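Data block below; observations after.
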């Protein structure tokens with residue numbers, strides 16, 4: 001993780017850009033010496049009144065592109081993460097519109113900065129409704145909106161897209177990934193996962209802070225990892241026996257890490 005967190009953009013509705021470009025080349029060079037092959041940079045965009053603004057989109061797109069260029073200069077594969085966070089009550093259609101605007105700006109910036117797209121990975125949000133939206137969508141609807149947004153904006157030269165889970169429950173993240181890989185639209189990229197919370201919830205529940213639960217914790221983690229590996233191939237079958245922790249929402253407002 002190479003970014004150094006957010007900084008407020010003056011004149012906006014509490015929007016942010018990402019810090020960390022100063023000294024990034026030196027940090028990348030050291031990480032490469034230490035055996036690291038991938039870097040990650042997370043830019044956060046929020047849907048709200050007048051958000052995301054044109055300024056926020058452009059600032060974050062250019063920061064992502066500069067980071068990606070510096071990574072490649074130092075032999076690292078940049079994971080480009082423009083996240084449209086799920087805070088709010090917007091519907092899925094509005095999320096798709098915003099996600100397309102953001103991704104189009106990101107790939108324009110990557111091109112302007114001469115980034116070698118074949119040597120990058122994209123880590124985007126899935127296209128979903130806001131956490132407070134009362135309308136519910138099926139995994140198939142999420143998949144269609146997500147793949148449509150990607151097909152309209154992400155060049156086929158990009159080898160892989162690894163989705164973030166964005167506060168979804170473990171099971172929802174897996175079901176949506178599976179539906180995305182089964183979506184009948186063209187998909188010229190490998191569609192996989194880069195989950196944090198959606199890989200950890202069941203394992204943490206099994207652990208409970210007790211060393212005696214080590215084996216159960218490992219089994220819970222492996223079960224979730226296997227489920228997502230299957231979903232990345234469109235082969236996951238929901239059995240209804242995933243456990244209570246896997247179905248709990250992992251949403252945290254204005255999530256940062």
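Below, the figures for the structure above:
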read-out	value
Selection status of residue 91, at pLDDT below 95, within 26 Å of residue 13 (Cβ to Cβ) and either out of contact with any helix residue (DSSP H, G or I) (no Cβ under 9 Å at 6 or more places or on another chain) or surrounded by 21 or more Cβ atoms within 10 Å (Cβ to Cβ) (or both)	no
From the options 47, 18, 70, 57, residue that is touching a helix residue (DSSP H, G or I) at 6+ places or on another chain (Cβ under 7 Å) and in contact (Cβ under 8 Å) with a residue 60 or more places away in the chain	47
Counted residues, segment 207-254 - those being modelled with pLDDT under 70 and under 14 Å from residue 173 (Cβ atoms)	8
Residues (assigned to a helix (DSSP H, G or I) and buried (at least 17 other Cβ atoms within 10 Å of the Cβ)) located in segment 109-140	109, 110, 117, 139
Residue identified as at pLDDT below 95 and either closer than 16 Å to residue 61 by Cα or surrounded by 12 or more Cβ atoms within 10 Å (Cβ to Cβ) (or both) among 5, 39	5
Qualifying residue in segment 225-232 (condition: part of a loop (DSSP other than H, G, I, E, B) and closer than 23 Å to residue 130 by Cβ)	no
Unmet requirement for residue 86, which otherwise passes all of (1) in contact with a helix residue (DSSP H, G or I) (Cβ under 9 Å, 6 or more places away or on another chain); (2) at pLDDT 95 or above	(2)
Criterion (out of contact with any strand residue (DSSP E or B) (no Cβ under 8 Å at 6 or more places or on another chain), under 20 Å from residue 87 (Cβ atoms) and assigned to a helix (DSSP H, G or I)) met by exactly one of 198, 206	198
Residues (out of contact with any helix residue (DSSP H, G or I) (no Cβ under 8 Å at 6 or more places or on another chain) and either at positive phi or surrounded by 22 or more Cβ atoms within 10 Å (Cβ to Cβ) (or both)) located in segment 189-211	208, 209
Single residue of segment 159-188 satisfying the filter (part of a loop (DSSP other than H, G, I, E, B) and more than 15 Å from the chain's Cα centre (by Cα)) that is surrounded by the fewest Cβ atoms within 10 Å (Cβ to Cβ)	184
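The values are calculated or read from the model by the stated rules, or taken from the named source; none is laboratory data. Quick caveat: nothing in here was measured; it's all calculated off a predicted structure. Using ideal geometry, Cβ is built from the backbone for each residue, glycine included, and neighbour counts are taken over all protein chains shown.
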